[in-house]
Each structure stands twice: as structure tokens, then as C-alpha cells.
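The values are calculated or read from the model by the stated rules, or taken from the named source; none is laboratory data. Just so you know, these numbers come straight off a predicted model, no measurement behind them. Cβ coordinates were reconstructed from backbone atoms using ideal geometry, including for glycine residues, and neighbour counts include every protein chain displayed.
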Amino acid sequence: MLNIDALNQLEMSKVGPVQSTVRETSYDDKNNEYMVTMPAPAFDMDAAMRSYVESLPGQDGCPRSIDALLCGANGNYYLLEFKNGSVKKDEVLNKLYATLLMLQDVCSLSLDDARSDFVFVLVYDKAKLGGQGNGTGSSDRRVNDARYFGRIRHNVARHAKTDTRSVPKRIRGMGNSIKNIFVKDYICCDRSDFEDVLSEALVSR
């Protein structure tokens, strides 16, 4: 079972608070805008990852993480990634892997728990996806991130498919790589649909 209180116990003196809101974690500094307005409490996973890496001896780099963790009233945990521009599949998946590995170490998350209770939500801006290439990010970043994923990758023993026909073709195959392997479900939505898609997360069973 996920020990969510452990996130609050990370030393935050250098990087700021872990507790935030969905709106704050959706902020895009390049475009100086918030992608969504939902005020629900959420964990800032970028801050959590920086704090986690600082607590490890001999670390000289930090993998990128998913933007936020929302604890749903319906019993699910929602990992939120906001992309206000191009979406690069390998980059997004690497961030998910790094986040799950950090939660495994800090919060005693098992892959069985992730497959049972975690939903990955990719939020994009449909108007800004046009014309993007198929790149996967810089090689230096991939090398830096890859050091942190090995234990999760070696635990994968199953394969699954998900129907993503309603999302842009460039990110259509991403669900095949994660649903029922790393997480319970995979959702893609335009920023304008986010609150409707996540409404069930805020309603108790």
C-alpha cells in the first residue's frame, strides 16, 4: 500500500514544499500560463523528485518526473503530466518510470499497487500539437534518466493494450507501453476537457 505521508517527510528546505494544487503544478513557465484551473490539492512531483535525489549520496543529476500526484476521493491515485506543446513519447514515459521508482523507494509503492490504483493522465493542448516531430528528447537527458529505471523495467512480466483512438496519432501508442504494466489506466485529454475527465476523481465512492 502507498505510504502517502512519506512524501510530506521529504526534506524540503532547499526546493520548496511538496504540497501544492493541480493548478499550480500545471504552470508552464515558457508560455507563462496555467494549463488548467482545478484548485484541488496535489503533490508537486518535481519538488518531490529534487528532494529525493538530494537525499541520496553521490548524486550529480536529477531525472525529470511527472508533474503532479492527485489523490482521488474515489480511491485512485492520478499521475498528471501537462504538455503545453509537443509530446515526445519516450520523454513522457521516462518521466513516468522515474516517478514510479521514486514512489517505490520513498512510499513503499509496489507495482501491484500501481497496477491496481494508479491512473496516468496526459494533458495536452490540441492547438499546439500540430507539426511536431517524432523526436524523443536529447540523448544526454535520456542517459541521465535511464540510470534510475532499471529496477522497475526488470519487474515487467506482462503486456497490455489500450484503446487510444480518440487521441492524436502521435501519442496513440503510449497506452500500450504502460496500461496494466505500470499503471491501472491511461487517459489522454485536451486541456479543455481536463476537469470533466477528472471529475470522478473528486467524488467519493
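Select from the stretch 163-205 the residues that are crowded, with 17+ Cβ neighbours inside 10 Å and among the polar types (S, T, N, Q) and write down the one among them that is modelled with the highest pLDDT. Among them, the one singled out is Ser177.
Among the residues of the stretch 1-44, count how many are part of a helix (DSSP H, G or I) and either surrounded by fewer than 19 Cβ atoms within 10 Å (Cβ to Cβ) or modelled with pLDDT under 95 (or both). So the count comes out to 6. Of the residues making up the stretch 71-115, those that are out of contact with any Ser or Thr (no Cβ under 9 Å at 6 or more places or on another chain), among the hydroxyl-bearing types (Ser, Thr, Tyr) and within 24 Å of Ser199 (Cα to Cα) are Tyr77, Tyr78. Looking at the stretch 57-73, can you tell me whether even one residue there is touching a strand residue (DSSP E or B) at 6+ places or on another chain (Cβ under 9 Å), under 22 Å from Ile178 (Cα atoms) and of a type in the set (D, E, K, R)? Checked the stretch 57-73: at least one residue is touching a strand residue (DSSP E or B) at 6+ places or on another chain (Cβ under 9 Å), under 22 Å from Ile178 (Cα atoms) and of a type in the set (D, E, K, R).
This table checks each residue for (1) closer than 19 Å to Gly175 by Cα; (2) surrounded by fewer than 22 Cβ atoms within 10 Å (Cβ to Cβ); (3) modelled with pLDDT of 90 or more; (4) of a type outside the set (Gly, Ala, Ser).
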position	(1), (2), (3), (4)
Ser65	yes, no, yes, no
Leu70	no, no, yes, yes
Ala73	no, yes, no, no
Asn76	yes, yes, yes, yes
Lys89	yes, yes, no, yes
Asn94	yes, no, yes, yes
Asp112	yes, yes, yes, yes
Ser116	yes, yes, yes, no
Phe120	yes, no, yes, yes
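Residues that are surrounded by 17 or more Cβ atoms within 10 Å (Cβ to Cβ) and either among the charged types (D, E, K, R) or at pLDDT 90 or above (or both) occur at least once in the stretch 125-136. The set of residues in the stretch 20-51 being of a type in the set (Phe, Trp, Tyr) and under 25 Å from Gln9 (Cα atoms) consists of Tyr27, Phe43.
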